[in-house]
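Engineer: Got a structure for you, questions after.
The values are calculated or read from the model by the stated rules, or taken from the named source; none is laboratory data. Owing to the predicted nature of the structure, the values given are computational and were not obtained by experimental measurement. Virtual Cβ from ideal backbone geometry, glycine too; neighbours counted across all protein chains shown. All accessible areas refer to the heavy atoms of the entire protein, side chains included, with ligands and DNA or RNA removed. Shrake-Rupley method; radii C 1.70, N 1.55, O 1.52, S 1.80 Å.
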Amino acid sequence: MSNLHLQQDWPEPVVRVQSLSDSGISKIPDRYVKPITDRPSSVAPNDLPGGQAVNIPIIDLGLGRDEVLAKVAEACREWGFFQAVNHGVNPELMDRAREVWREFFHMPMELKQSYANNPKTYEGYGSRLGVEKGAVLDWSDYYFLHYLPTSLKDHNKWPALPSSCREVIEEYAKQVVALAGEVMKILSLNLGLKEDYLQNAFGGDDGVGACLRINFYPKCPQPDLTLGLSPHSDPGGMTLLLPDSHVAGLQVRKNGCWITVKPAPHAFIINIGDQIQVLSNAIYKSVEHRVIVNPNDERVSLAFFYNPKSDIPIEPAKELVTADRPALYAPMTFDQYRLYIRTMGPRGKSQVESLTSDKGCDGA
């Protein structure tokens, strides 16, 4: 089905981007230089003089149920992204989770290398996505780990240092899973489905998948030539991002422009993934996003992915398929689906768009 099953290691020697940054280079290696059309513009659209400040919606989840439903529905249709505040996750825990990972990335390289990942398992300390030989790479390192299902969770694959890391991440993931479950109910109701529809489609409470990718974006001497993460839509169900509280970097594609997200204090940035686009028959669409880097500041973010059980076929909800809006996607398991990004790396929305029939989903 994919060369991923055959690929045992990365196609070229792995270079840690943090090591490049720390070496004091003034020019980035050619491997990180993006084609001219893919480079970040020097001025973000929401920073243009005289223009109204633009940001993704900020939603207080502590408001009345009807108001929350309405605000989330509008945000999902208009943006595919929103920031959630008053969400029930402990703010101090959010800060501790981010900082314990910042500490990890500043640990000695030999310690971090003991957790180095490979394309077959993907879990651990990494510096690239995709196994395409000669690919242009992103300016970032990361750590990827599994949380759910419990059969995949292995604390021995989580960093032992800093000493509080495993305990902090265990509690953080527990609280974020609870938040994700509540958002799934909101999305289901807004689609006109039963409250538990999406959760059940993901495999139910005992079947859902959840994993964490911690992104480390080192300082970059030429941030106008590269990206921390190339444009992509998230292949999974839903993403709950804890951004860096001091350094902006996430950009969301809106009407052909890249909007730099301004993080609200102790907010989660939540976005629709490809699997919910499929389940909603493209009523909700995953949205392309990317990450820019900074010449003066490193950046740490925690992306928590809430996904379907890996072997359940995902297809449009029968209730959302009509004569006027036929099913736009054939059934496909998440296991089959995510092989694409792990093989090819992030490539805009090309994956989900390739699945549509000729019946009219523009995927934009």
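Engineer: Leaving out ligands, DNA and RNA, what percent of the accessible area of the chain is carbon and sulfur, probe 1.4 Å?
Structural biologist: Result for the chain: 51 percent of the exposed heavy-atom area is carbon or sulfur.
Engineer: In addition: Show the residues, 5+ positions off or on another chain, whose built amide H is closer than 5 Å to the amide H of Asp60.
Structural biologist: Val85
Engineer: Right, something else. Taking the convex hull of the alpha carbon atoms in the chain, what volume per residue do you get, in Å³?
Structural biologist: Dividing the Cα hull volume of the chain by its residues yields 141 Å³.
Engineer: Let me ask something else. Quick one: which residues, 5+ away or cross-chain, put their amide H under 5 Å from the amide H of Gly273? H built at 1.01 Å from N.
Structural biologist: Answer set, sorted by chain and number: Met238, Thr239.
Engineer: Per 0.36 nm of contour for each residue apart, how much would the distance between Glu12 and Ser310 grow if the chain were fully extended, relative to their Cα-Cα spacing?
Structural biologist: 104.4 nm
Engineer: Quick one: length gained pulling Lys157 to Glu103 fully straight, 0.36 nm per residue minus the C-alpha distance?
Structural biologist: The Lys157-Glu103 span can extend by a further 17.7 nm.
Engineer: Given the options Pro231, Leu191, Asn255, identify the residue whose Cα lies farthest towards the positive end of the charge dipole of the stretch 183-258 (+1 on Cβ of Lys, Arg; -1 on Cβ of Asp, Glu).
Structural biologist: Farthest towards the positive pole: Asn255.
Engineer: Taking amide H atoms as placed 1.01 Å from N in the peptide plane, list the residues 5 or more away in sequence, or in a different chain, whose amide H sits under 5 Å from that of Glu298.
Structural biologist: Here the answer is Lys219, since their amide H atoms fall under 5 Å of that of Glu298.
Engineer: Explain nothing, just the number: dipole magnitude of the stretch 120-267 about its Cα centre with +1 on each Lys and Arg Cβ and -1 on each Asp and Glu Cβ, in debye rounded to the nearest 20.
Structural biologist: Magnitude of the dipole: close to 360 debye.
Engineer: Hey, another quick one. Taking the 0 to 90 degree range and rounding to the nearest ten, how far is the long axis of helix 165-190 tilted relative to the main principal axis of the chain, both from C-alpha atoms?
Structural biologist: Roughly 30 degrees, rounded to the nearest 10.
Engineer: Let me ask another. Say the cut-off is 24 Å between C-alpha atoms; which of Lys219/Lys262; Lys185/Lys349; Lys34/Lys153 go over it?
Structural biologist: As for pairs spanning more than 24 Å Cα to Cα, those are Lys185/Lys349; Lys34/Lys153.
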